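The values are calculated or read from the model by the stated rules, or taken from the named source; none is laboratory data. Please read these numbers as outputs of a predicted model, since none were measured by experiment. Counting neighbours? That spans all protein chains shown, and the Cβs are built from the backbone with ideal geometry, glycine included. Calculation scope for accessible area: heavy atoms of the full protein, side chains included, ligands and nucleic acids excluded. Shrake-Rupley method; radii C 1.70, N 1.55, O 1.52, S 1.80 Å.
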Amino acid sequence: MGEAVGLLEGELTAERRVLADLDTEDAWLAYLRFGRRLFDVPDTPDADGLLFQYGTYSFDGPATFTLELTRQFEIVDSHGDRDYYVQVHCELQYALTPVLQALGSFEWWFFRDAGDDLDEWAQGLSERAAWATIRTLKPAQVRVYQDRV
């Protein structure tokens, strides 16, 4: 899991692109490729999850519309109990427009151990009406980072 951020960045820039040149659809496809990679995670529920979420937020300045593509890994202690989670983020920020603000907020998790199919999860997201609006946009900023929660 220590290489997860680098692997995500590699997927995002696989076609010799820099992050600033990505459009939303390219980032989504790269995120799905990253989501298909298997990692050595504990054999516990929700140890490896993907999160698709969007909304209007103002964390570090003016409000922006943000699409957050996150992968979460559970880290356990020496007894096999959850210690914390590591999240690897691909955050796409867009200038706030009335159309984007009207989308509200949304989140949908996928957990590998739940027996769900990643392709079905992705298809369900791409069939949402909001995706038709978001997918064609070019983000104003793309950030890739990892944090501990």
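All but one of (1) in contact with a helix residue (DSSP H, G or I) (Cβ under 6 Å, 6 or more places away or on another chain); (2) at positive phi hold for Gly104; state the number of the condition that does not hold.
Answer for Gly104: the failing condition is (1).
Please list, ordered by first then second residue, the pairs with beta carbon atoms under 8 Å, 6 or more apart or interchain, first in the stretch 65-88 and over 13 Å from Asp46 (Cβ atoms), second surrounded by fewer than 17 Cβ atoms within 10 Å (Cβ to Cβ) and of a type in the set (Ser, Thr, Tyr).
If the second residue must be surrounded by fewer than 17 Cβ atoms within 10 Å (Cβ to Cβ) and of a type in the set (Ser, Thr, Tyr), the pairs left are Phe65/Thr56; Phe65/Thr97; Thr66/Thr56; Thr66/Tyr57; Gly80/Thr44; Val88/Tyr145.
Does the stretch 36-67 hold any residues that are small (Gly, Ala, Ser) and either in a strand (DSSP E or B) or under 19 Å from Trp121 (Cβ atoms) (or both), and which are they?
The answer is Ala47, Gly49, Gly55.
Filter the stretch 90-137 down to the residues that are more than 28 Å from Phe39 (Cα to Cα), in contact with a strand residue (DSSP E or B) (Cβ under 8 Å, 6 or more places away or on another chain) and either part of a loop (DSSP other than H, G, I, E, B) or free of Cβ contacts under 8 Å to residues at least 60 places away in the same chain (or both) and list them by number.
Tyr94, Ala95, Leu96, Thr97, Leu100, Gln101, Leu103, Gly104, Ser105, Arg128, Leu137 - these are the residues of the stretch 90-137 that are more than 28 Å from Phe39 (Cα to Cα), in contact with a strand residue (DSSP E or B) (Cβ under 8 Å, 6 or more places away or on another chain) and either part of a loop (DSSP other than H, G, I, E, B) or free of Cβ contacts under 8 Å to residues at least 60 places away in the same chain (or both).
Pick from the stretch 16-32 the residues that are more than 14 Å from the chain's Cα centre (by Cα) and closer than 19 Å to Gln146 by Cβ: which of them is surrounded by the fewest Cβ atoms within 10 Å (Cβ to Cβ)?
Taking the stretch 16-32 as the starting set, the residues that turn out to be more than 14 Å from the chain's Cα centre (by Cα) are 16-23.
Pick out the ones that are also closer than 19 Å to Gln146 by Cβ and you get 19, 22.
Numbers: Leu19: 16, Leu22: 20.
Per the stated criteria, the residue is Leu19.
Within the stretch 68-80, is there a residue that is of a type in the set (Lys, Arg), buried (at least 18 other Cβ atoms within 10 Å of the Cβ), within 17 Å of Val5 (Cα to Cα) and under 13 Å from the mean Cα position of the chain (by Cα)?
Yes, some residue in the stretch 68-80 is of a type in the set (Lys, Arg), buried (at least 18 other Cβ atoms within 10 Å of the Cβ), within 17 Å of Val5 (Cα to Cα) and under 13 Å from the mean Cα position of the chain (by Cα).
In the list Gly49, Gly35, which residue meets the criterion of being surrounded by 19 or more Cβ atoms within 10 Å (Cβ to Cβ), at negative phi and touching a Leu at 6+ places or on another chain (Cβ under 6 Å)?
Gly35
Specify the residue that is farthest from the chain's Cα centre (by Cα); the eligible residues are those in the stretch 45-64 that are over 25 Å from Gly115 (Cβ atoms) and in contact (Cβ under 8 Å) with a residue 24 or more places away in the chain.
Step by step, filter the stretch 45-64, then rank; the result is Pro62.
In the stretch 81-102, what residues are acidic (Asp, Glu) and open to solvent by 50 Å² or more (accessible area, probe 1.4 Å)?
Asp81, Asp83
Which count do you get for residues in the stretch 88-103 that are under 16 Å from Ala140 (Cα atoms) and small (Gly, Ala, Ser)?
1
Please work out which one of (1) touching a Phe, Trp or Tyr at 6+ places or on another chain (Cβ under 8 Å); (2) open to solvent by 30 Å² or more (accessible area, probe 1.4 Å); (3) of a type in the set (S, T, N, Q) is the condition Thr13 fails and give its number.
Exception for Thr13: condition (1).
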